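Following: one structure in structure tokens, then a few remarks.
The values are calculated or read from the model by the stated rules, or taken from the named source; none is laboratory data. No experiment lies behind these values; they were computed from the predicted model shown. All Cβ positions, even for glycine, are placed from backbone atoms using ideal geometry, and neighbour counts span all protein chains on display. For the accessible areas, the whole protein counts, side chains as well, though only heavy atoms, and no ligand, DNA or RNA atoms are used. Shrake-Rupley method; radii C 1.70, N 1.55, O 1.52, S 1.80 Å.
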Amino acid sequence: MTPAVAFVELLPPAAPPNPHANGISGLRAARRLGVATTVVTAHRERLEPFVGELVDSWIDADTRSADAVADALAGRRPDALFSWVDPFAGVAQQAATLLRLDTANPDWPAGGWNDKAAVRGRLDEHGVPNARWAVVPPGRPVTELPLPAPLVVKPVDGFSSLDTVRATTVDDLRRAVDAHRLRAGYGDGVVPAGTLLCEQELRGPLVSAEGMVVDGRLEIWGHSDRTLGPPPYYVETSVAFATDPLHPDLDDYAAAVCKALGYRNGPFHFEVVLTGSGPVLVEINTRLVGAGIHRAIDLATGVSCAEQVLRAHLGLPLLAARTRGAACLFHLTAPADGHVTAITGTETARRAPGVHDVVSRVSVGDPVTTTGSNTDRLCHVLAAGRTREESRLAAGAAAGNVRIEIAPR
């Protein structure tokens, strides 16, 4: 019988079509492996025109609900069930547990797939190094800082750094809470839980481990470092991946976190700050890393990380990585609200040394709204080099050729 995989949604809420999305890479990998593909979605009309040839069957369902997804798939029970986009990754994980799939993770904190506070709580229970944290529930007035400043304030179910901000005073925290409470939704009917997580800001470089867990055993592909835009926001302006480690304890710490959370099967994007006492979790995303970083992994290792995940879930032999150095994504961000009037220099950037690709998510005429989040990123350059630093220099130099002109509305 032909193996079958199912994906729950392929794009973040309200996102435009993106041929480089990690879920699309998963569909292409399934095609290479001869695996049957199903997409469970509430937005077939948006997806089918640009990925229809990669999908064998479509199922319409309310993808905000794990019960609805599990009911929709009950008659065909795939060999593996994924979502590699927030906030549907947690829905797919819960549905896999309901379907009793072999690669499900039933021991994850109850109700915590889309709850960063539940993850923090589980780490405390297991004595795993953790940031100090507190929550601001819906409706609770803000009268004081729950922890010593500075704080990182974020929605417990957030993604793309939306509504994530640094707070140093009670007024900062109150503004952050009020702004999030004004958000009616994330798009496509996905409604915020309304609870905000406050974390004491960690001091040190922000890095990540990229990989997967296979029956409780970690497969680490490598580590990424990153640069950030100016505070009070946390917009990632570049990410550089390589297989050489950034800290000797990072992989062991990732394994301890996954064990505490009961995460035994699946890909992960594991962000930490390298503090003076060692790695401390920022957050773990139980999906293949997005925002184009999966392409940097592929470029640096010579192997499709999306295909590796499918192989692991289907019991197929993993591919041997062929280390090729490092790869970096360098982002151009929106300077102000308005609409795009011109995009120039992309071809010059594409011909620059080390450059693999230049990807713009906007076109002339598109509206642009700044949010202080990763959704402010309009274009990126993907470049390779022998080291993270070399790849970042190549990508940054090429990005300097690109101009995105924005006129006020």
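Each Lys and Arg Cβ is given +1 and each Asp and Glu Cβ -1; about its Cα centre, the chain then shows a dipole of about 460 debye.
Between K259 and D102, the C-beta separation translates, for a Förster distance of 25 Å, into a calculated FRET efficiency of about 0.85.
Taking every protein chain into account, the accessible area of the chain amounts to 42 square angstrom per residue (probe 1.4 Å). In this calculation the C-beta distance from V364 to R174 is compared with R0 = 45 Å, giving a FRET efficiency of 0.70. Projecting the Cα positions of G365, T346, A327 onto the charge dipole of the stretch 319-396 (unit charges on Cβ atoms of Lys, Arg, Asp and Glu, taken about the Cα centre) puts A327 furthest along the positive direction.
For the peptides 95-103, 381-389, 132-140, the ranking by packing is 381-389, 95-103, 132-140, with the highest mean count of neighbouring Cβ atoms within 10 Å listed first. Distance between the pseudo-spin-label points of A193 and A68 (7 Å out from Cα toward the beta carbon): 1.9 nm.
Extension gain, L33 to E347, is 109.7 nm, computed as 0.36 nm per intervening residue step minus the present C-alpha separation.
Element breakdown for the stretch 59-178 at a 1.4 angstrom probe: carbon and sulfur atoms account for 45% of the accessible area. Using R0 = 41 Å, the C-beta based FRET efficiency linking E405 and R166 works out to 0.85. Estimated at 0.36 nm per residue, the fully extended path between A110 and D56 surpasses their Cα-Cα distance by 16.1 nm. Coupling constants for the stretch 39-56 follow from the phi torsions by the Karplus curve (6.51 cos²θ - 1.76 cosθ + 1.60, θ = phi - 60°), and in residue order they are 10, 9, 8, 9, 9, 4, 5, 7, 8, 4, x, 10, 9, x, 6, 9, 10, 7 Hz; glycine and proline get x. Taking a ≥ b ≥ c as the square roots of the eigenvalues of the alpha-carbon gyration tensor, the stretch 188-264 is classed oblate because a/c is 1.5 or more while a/b is no larger than b/c.
Helical runs assigned H by DSSP (4 residues or longer) give the chain a calculated mean residue ellipticity at 222 nm of -8000 deg cm²/dmol, each run adding -39500 (n - 2.57) before division by the residue total. In percent, rounded to a whole number, the relative contact order of the stretch 161-298 is 23, using alpha-carbon pairs under 8 Å and six or more apart.
Were the residues from E125 through T387 laid out at 0.36 nm apart, the gain over their Cα-Cα distance would be 90.5 nm.
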